[in-house]
Amino acid sequence: DLVVDEVMRRSILPMRAANSLQSIVRKEGAYQSVATRGRALAEMLGWLFNARSDTPLNGALSPHRRFDWLTFDLAPVREIKKRLGGTVNDVVLATVAGALGDFLEQRGVTRVRQRGMELRAMVPVSVRPIEARGTTGNQIALWATPLPIAETDPRRRLAAVSEITKGLKRSKQALGAEVLAAVSEWTVPTLLSLASRVAYRNRASNLVVTNVPGPQLPLYLLGARVLETYPMLNLLTCQSLGVALFSYAGRLHWGFIADWDLVPDLHDFVVAIERAFGDLCEAAELPRPATRNPHAEPDDPD
């Protein structure tokens, strides 16, 4: 049965390819559309062969992991983007960039060295068209996003991140991601797998940062309200730190995964995240927020 199904699937791949190409061409016109999208795909894949800088966070992984977590209210995040510009994701990336700068400085990587580094976060972005919103299935691509870790001023750091993400949106990387999504249903899976392995072996990024918008209404399970939810990534080759966020019911939940041996001080990074976000709040003339780390030591009642 499996053999018959696979033969049938492969027999209709040319038809699927033709349909996908027709839909691509139909959007903008024949030659211009194909040529533009071909250049876009080449530009997007180009970063696979552009190695990032080495940091103490990148090395051979052990089989053991550490996990940490943190919660912010979502309201100040939105207020920061309103007052200082950018998007919610820009605020997140600026916070991560500030924390990484402090964290690496604690590890002996001075700000002078950081200015000469290319530290990139692999950031998943949605390529789902507007008409397909609400449908099931993943339609994402990956952007290699440089982070201004050496910038100590929170306002300038957010502005730099905003310019970087705007540039990525204006560039053909977004269009190239759309092409990959369109053809991924009929390309041979091993081809995409090979591209992924090339990216990881060539050290295209230093870590993954993913921000997933969730429901802003409370959810319930068997009558019990879901209070908090913390996402967790898998670590990629030579990446000892991963950051995932999930917004839910007015709060932003952070999940941090790290290699047990390479990042024994993971909680120091969590503290650096708190500090970097507080700096952004002060830059926006907001009070430093009260964050909630559920496993932090309780205050002494005396």
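The table that follows gives values for the structure above.
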item: Meets criteria (modelled with pLDDT of 75 or more and closer than 17 Å to residue 144 by Cα) for residue 198; result: no
item: From 57, 84, residue being under 18 Å from residue 271 (Cβ atoms), out of contact with any Gly (no Cβ under 7 Å at 6 or more places or on another chain) and either open to solvent by 30 Å² or more (accessible area, probe 1.4 Å) or not β-branched (Val, Ile, Thr) (or both); result: 57
item: Complete set of residues in the stretch 208-242 that are touching a helix residue (DSSP H, G or I) at 6+ places or on another chain (Cβ under 6 Å) and surrounded by 15 or more Cβ atoms within 10 Å (Cβ to Cβ); result: 209, 211, 236
item: Residue list for the stretch 244-268, restricted to those being in contact with a Leu (Cβ under 7 Å, 6 or more places away or on another chain) and under 25 Å from residue 76 (Cα atoms); result: 244, 245, 247, 249, 250, 251, 252, 253, 254, 256, 257
item: Scope the stretch 248-286; condition in contact (Cβ under 8 Å) with a residue 40 or more places away in the chain, farther than 24 Å from residue 205 by Cα, assigned to a strand (DSSP E or B) and open to solvent by less than 10 Å² (accessible area, probe 1.4 Å); matching residues; result: 252
item: Qualifying residue in the stretch 125-136 (condition: aliphatic (A, V, I, L, M), at pLDDT below 65, part of a loop (DSSP other than H, G, I, E, B) and open to solvent by less than 60 Å² (accessible area, probe 1.4 Å)); result: yes
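The values are calculated or read from the model by the stated rules, or taken from the named source; none is laboratory data. In this text, all values refer to a predicted model and were calculated from it rather than measured experimentally. A quick note on method: Cβ atoms are made from the backbone with ideal geometry, for glycine too, and the neighbour counts reach across all protein chains shown. Accessible surface is based on the protein model in full, side chains and every heavy atom, while ligands, DNA and RNA are left aside. Shrake-Rupley method; radii C 1.70, N 1.55, O 1.52, S 1.80 Å.
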